[in-house]
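Everything on this sheet refers to the single structure shown next.
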Amino acid sequence: MLLIGIVLFIALMGITLGQRNSLTWPEKFARDSIGFVQGIFYKPASAIAGFFEDIGNMRSIYSENERLKIAVAQLTAEQIQTSNLKETNTRLEQELKFTQTQKSKNQYDFRIAQVNSVSNDSKTLVIDIGEKDGAKVGQEVRSLEGFVGVISRTANFTSTVTLLTTLDPKNPNSYAIAATALGKENNSFGMIESYDPATNRFQMTRIEENDPIAKGDQIITSGAGGKFRKNLLIGTVEKIQVGEFGQTRTAIIKPAASFVDWKELLVLYTPEVPE
């Protein structure tokens, strides 16, 4: 024991005396022992700290992932909206081009109307133009393809359009359309009074025997009687047959308008004449 005490004493003296370039073996032993013990306690502490740091990183990654999901969803929605806007823009450009061409030919004023709803029996529809916009009962309504109906009721901001598919000679409230063949206006005439939903065709009756109307002719409103303005496209002659009493002929007309997939329609206005 005395010897050990002397060694320790000498080691301590060596530590306290002057500057040395190397450590004694007791000093090295002591330092290594301290470092070993520190390592035992430091590694678990470091592992625990790393564990909590990993949890923090996972939370950050989760939050970032959620933000990315939201961004992707928003991007998808915006892409769909952009596609819809492009389609709408293309359609409106076509309608504008059509409107400008027709105005120069027929002196019509057009206003584009959005279709709000269609009745269950598909005989009427509601558009977003009403009395506040100058809409009146009897105004013609058409699509890009052709004549589709007339305004039958108006409210302040909406109007009801009765479609040509309601034409029925047995209905006292139905109307007949005076029509003619395009390019043969002076020699051709008939009345479109009925629509057959089974065949999706109009019937043009009261055609005289010597009428030059023929298969493939385009049928338009003649303007006779003053109920409808002239030059509204109704459809194309599909065939000619003998009339009900054998003295006249009947033309079967394929409608120009599709009467489905309503989006926008055109309401026809009479141009205002400066006083």
23 Å Cα-Cα threshold exceeded, pairs from 184/215; 184/227; 123/227; 170/227; 86/230; 86/132:
86/230; 86/132
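Multiplying the sequence separation of residue 82 and residue 112 by 0.36 nm and subtracting their Cα-Cα distance, what value in nm do you get?
Values: separation 30, 0.36 × 30 = 10.80 nm, distance 2.17 nm.
So the extension gain works out to 8.6 nm.
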Quick check: net charge around residue 192, other residues with Cβ under 13 Å of its Cβ, Lys/Arg +1 and Asp/Glu -1?
+1
Given a cut-off of under 8 Å on Cα pairs at least six residues apart, what relative contact order in percent is computed for the stretch 207-275?
26 percent
Based on Cα positions only, what radius of gyration and what Dmax would you give for the stretch 136-275, in angstroms?
15.3, 52
Of 154-166, 241-253, ordering from highest average Cβ density within 10 Å down gives 154-166, 241-253
Separation between Cα centres of the stretch 159-174 and the stretch 200-249, rounded to whole Å:
18 Å
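Every number in this text was worked out from the coordinates using simple rules, so none of it is lab data. Since the structure is predicted, the reported quantities are computational estimates derived from the model, not experimental observations. Positions of Cβ are backbone-derived with ideal geometry, glycine not excepted, and every protein chain shown enters the neighbour counts.
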